[in-house]
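Trainee: Structure provided below as structure tokens; questions to follow.
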Amino acid sequence: MFFGFKSKRSKKTVGSVPWWKTRTVYQIYPRSFCDSNGDGIGDIRGIISKLDYLADLGVGIIWLSPVYNSPNDDNGYDISDYRSIHPDFGTLSDMKRLIAEAERRDIKIIMDLVINHTSDEHEWFKQSRSSKDNPYRDYYIWHEGKNGKEPNNWTSFFAGSAWEKDVRTGEYYLHLFSKKQPDLNWKNPKVAEEVRSILKYWLDMGIAGFRCDVINVIYKTSLEDGKKRLILTGREHYLSQKGCHSILRSLKSDVFSQYDCFTVGETVMVSTADANELCAPERKELDMVFSFEHMDADCINNKWFKTSFKPEKLFSVLEKWQNEVDWNANYFENHDQPRIVSRYGSFTGIAESEKEGRERFAKLFAVLLFTLRGTPFMYQGQELGMTNGDFKDWGDLRDVESFNVAGLMKKLHFPASKVWKLILKASRDNARTPMQWSAESGGGFTAGTPWIKLNANRAHINAREQISREDSVYAFYKKLIALRNETPELSEGSFKRIKSPKNVFAYLRSLSAHNCLVLLNFNRHAIRLNHDIQKYLVPEKNGHAGRILCSNDSHNPLSGTLGAHQACIIRL
Ligand code: TEU
Ligand code: CA
């Protein structure tokens, strides 16, 4: 519900604020977005056919997950040629047309930059593994074994040792991810030279920036044994190292600063201090970073062990990041994370009867996303309130990480049914099911057989149905995007948390004399607002009540209560 607010085509730059601060970013996972030729795999022509949909939603920037050539061990995050397009996705000329067609609609495109590792099928690695004196040997991290075992005790992000022995030379190579993703050696200046030239290639083609994959792990200071840990033994030798900072500074000064572009780093295990070292403006490294701490509000130790969702944990992490980092890259979904409505809301979405609650919950997170200070990043299908996959058995899963972690759990003697339950909840495949465009058998995604199981709830959760309804999640996203575009205090304003009842998140966004109060009730029941909030709603001095700009419920918060899962923005 939006009150007294007309949605206009977005004003894309506000004063001197850079465009990447005011626009909304929409992430496309190309395999699962739209298939134009019926082979079951989403492709670039499919994306082009949906540009009007995105423009209409108000999207200002598309982040495209990898479309480069790749053997797809990790769905494109294992690149075998940085300058070409995977034939599954189309051709280079399709890509150029996508850039041009997006530009016609005032949409910019950023690409994924995966430079911690390449595919083992990249020409550099083929050369590198061929012999110890090949000129490409030093492009990767090779080491002889220690007493017939791996060179050190490091473990991979995808479970198991981070080393693989290669028969050709008898030495081991390092892979922080799958064994088909060998890590590049960033101590070799030639690697940086290659990457600079790849960056220019795409920027010259009209790309507006990059999402930099696991960018804070690229530099390995030493290869000594790490402190033994439950996950990622060895990490102290490569997380956010000095060497990484100097590489990023030189990429910024040699390349990025020469273009009108921006960078967002995907940075694992970062604190706010680490983030500031990477993206505070005076550091001249990255423009913003994705952190992970706020995605741990439903797990203990690591993402595989989920508990119930703890809203207060989420609020305190968000508050800390809002206060300590000037400009955040805000997100709740991406291609690696289960869907919000399923993980934080426990809505399976299979039952039509859950619709109202699920949509209200999806809208609650939408208000949060668009009212935090920073650039909002949304993921395909989030605007429809899409749910986790409805996978029935192992044959339905595709993700290399899910299989590797399941293998490790089995080795540790977890019972098979337990393994399935844990994987089902946390698998990255939950986010990768095909986009639900319509109720038809292929979900409007494909005329063929989709590469991964389409959710049966496409019958009632789909774009066509959402667009047809004024109170849908889609309509709500559309209005929120426009509202943020038109309301400088929401995009540029400061953030101040206000004391609130349990499981209610309340804050002010302020710019000069303008103030917006944001109220988010994460309780499944109505709640009476405390004095600290009420005093803003009806200021004693002038007697003016705030004006509600947007709410996911018709209940009036000015009455002093919030409805179950109600979220609203009030202009004071
Ligand atoms: O992800 C890096 C990462 O650390 C995690 O999000 C990862 O998905 C996993 O959950 C760790 O347990 C990036 C990409 O987003 C991911 O898709 C790639 O698989 C990975 O890097 C390797 O390139
Ligand atoms: Ca296709």
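Trainee: Which count do you get for residues in the stretch 302-360 that are in a loop (DSSP other than H, G, I, E, B) and within 16 Å of ligand 1 (Cβ to nearest atom)?
Mentor: Number of matching residues: 13.
Trainee: Are any residues in the stretch 364-395 outside any strand (DSSP E or B) and either under 23 Å from MET111 (Cα atoms) or in contact with a Gly (Cβ under 8 Å, 6 or more places away or on another chain) (or both), and if so, which ones?
Mentor: The answer is LEU369, PHE370, ARG373, GLN380, GLY381, GLN382, GLU383, GLY385, MET386, THR387, ASN388.
Trainee: Kindly indicate whether LYS453 is surrounded by 15 or more Cβ atoms within 10 Å (Cβ to Cβ), assigned to a helix (DSSP H, G or I), modelled with pLDDT of 95 or more and among the basic types (Lys, Arg).
Mentor: no
Trainee: Here's another thing I want to ask about it. Do we find that ARG358 is basic (Lys, Arg), touching a residue at least 60 places away in the same chain (Cβ under 8 Å) and away from ligand 2 (no atom under 16 Å from the Cβ) in this structure?
Mentor: So ARG358 does not fit the description; no.
Trainee: Shifting gears a bit: Would you pick out the residues in the stretch 155-178 that are within 16 Å of ligand 1 (Cβ to nearest atom), more than 26 Å from VAL195 (Cα to Cα) and not hydroxyl-bearing (Ser, Thr, Tyr)?
Mentor: ALA159, GLY160
Quick grid of which residues meet (1) closer than 20 Å to ASP287 by Cβ; (2) assigned to a helix (DSSP H, G or I); (3) at pLDDT 95 or above; (4) out of contact with any strand residue (DSSP E or B) (no Cβ under 6 Å at 6 or more places or on another chain):
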| position | (1), (2), (3), (4) |
| --- | --- |
| LEU176 | no, no, yes, no |
| SER197 | no, yes, yes, yes |
| LEU230 | no, no, no, yes |
| ILE247 | yes, yes, yes, yes |
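Trainee: Oh, and also: Pull up the stretch 396-430, narrow it to residues that are part of a loop (DSSP other than H, G, I, E, B) and of a type outside the set (Ser, Thr, Tyr), then point me to the one that is nearest to ligand 1 (Cβ to nearest atom).
Mentor: Across the stretch 396-430, the extreme among qualifying residues is ASP399.
Trainee: When you go through (1) buried (at least 21 other Cβ atoms within 10 Å of the Cβ); (2) touching a residue at least 24 places away in the same chain (Cβ under 8 Å) one by one for GLY374, which number turns out not to apply?
Mentor: The single condition GLY374 does not satisfy is (1).
Trainee: Let me ask something else. I need a count of the residues in the stretch 280-301 that are in a loop (DSSP other than H, G, I, E, B) and under 30 Å from VAL419 (Cβ atoms).
Mentor: Of the residues in the stretch 280-301, 6 are in a loop (DSSP other than H, G, I, E, B) and under 30 Å from VAL419 (Cβ atoms).
Trainee: If ASN216 meets every condition in (1) more than 29 Å from MET95 (Cβ to Cβ); (2) within 16 Å of ligand 1 (Cβ to nearest atom); (3) not in a loop (DSSP other than H, G, I, E, B) apart from one, which number is that one?
Mentor: The one condition ASN216 does not meet is (1).
Trainee: Show the residue pairs meeting these rules: Cβ distance below 6 Å; 6+ apart or different chains; first residue within the stretch 458-481 and assigned to a helix (DSSP H, G or I); second residue of a type in the set (S, T, N, Q).
Mentor: ARG458/GLN436; ARG464/SER438; GLN466/SER472; TYR474/GLN466; LYS479/SER7; ILE481/THR24
Trainee: In the stretch 158-174, which residues are in a loop (DSSP other than H, G, I, E, B) and in contact with a helix residue (DSSP H, G or I) (Cβ under 8 Å, 6 or more places away or on another chain)?
Mentor: Selection gives PHE158, ALA159, GLY160, ASP166, ARG168, THR169.
Trainee: How do the helices (runs of 4 or more DSSP H) wholly within the stretch 15-128 filter down when requiring 2 or more residues that are more than 16 Å from ligand 2 (Cβ to nearest atom) and among the small types (Gly, Ala, Ser): which remain?
Mentor: 92-104
Trainee: For the stretch 129-157, which residues satisfy the criterion of being of a type outside the set (Gly, Ala, Ser) and not in a loop (DSSP other than H, G, I, E, B)?
Mentor: Passing the criteria: ARG129, ARG137, ASP138, TYR139, TYR140, TRP142, HIS143, LYS146, LYS149, THR155.
Trainee: Would you mind telling me which numbered condition in (1) hydrophobic (A, V, I, L, M, F, W, C); (2) under 19 Å from TYR379 (Cβ atoms); (3) surrounded by fewer than 22 Cβ atoms within 10 Å (Cβ to Cβ) PHE495 fails?
Mentor: (2)
Trainee: Still on this structure, I have one more. Checking the conditions here, which among THR221, THR263 is part of a loop (DSSP other than H, G, I, E, B) and touching a Lys or Arg at 6+ places or on another chain (Cβ under 9 Å)?
Mentor: THR221
Trainee: Still on this structure: Answer yes if at least one residue in the stretch 85-107 is within 16 Å of ligand 1 (Cβ to nearest atom), at negative phi and touching a strand residue (DSSP E or B) at 6+ places or on another chain (Cβ under 7 Å), and no otherwise.
Mentor: So far as the stretch 85-107 goes, yes, one or more of its residues are within 16 Å of ligand 1 (Cβ to nearest atom), at negative phi and touching a strand residue (DSSP E or B) at 6+ places or on another chain (Cβ under 7 Å).
Trainee: Scanning for something aromatic (Phe, Trp, Tyr), closer than 30 Å to ILE47 by Cα and touching a residue at least 12 places away in the same chain (Cβ under 8 Å), does the stretch 488-511 turn up at least one residue?
Mentor: no
Trainee: Pick from SER128, SER119: which is surrounded by 21 or more Cβ atoms within 10 Å (Cβ to Cβ), within 16 Å of ligand 1 (Cβ to nearest atom) and more than 25 Å from ALA463 (Cα to Cα)?
Mentor: SER119
Trainee: Determine, yes or no, whether ASN523 is closer than 25 Å to ASN323 by Cα and touching a His at 6+ places or on another chain (Cβ under 9 Å).
Mentor: Yes, satisfied.
Trainee: Residues ASP43, ASP78: which one is away from ligand 1 (no atom under 16 Å from the Cβ) and either touching a residue at least 24 places away in the same chain (Cβ under 8 Å) or crowded, with 21+ Cβ neighbours inside 10 Å (or both)?
Mentor: Testing whether each residue is away from ligand 1 (no atom under 16 Å from the Cβ) and either touching a residue at least 24 places away in the same chain (Cβ under 8 Å) or crowded, with 21+ Cβ neighbours inside 10 Å (or both) leaves just ASP43.
The values are calculated or read from the model by the stated rules, or taken from the named source; none is laboratory data. From a predicted model like this one, the values you see are computed outputs, not experimental measurements. Ideal geometry is used to build each Cβ from the backbone, glycine not excepted, and the neighbour counts take in all protein chains shown.
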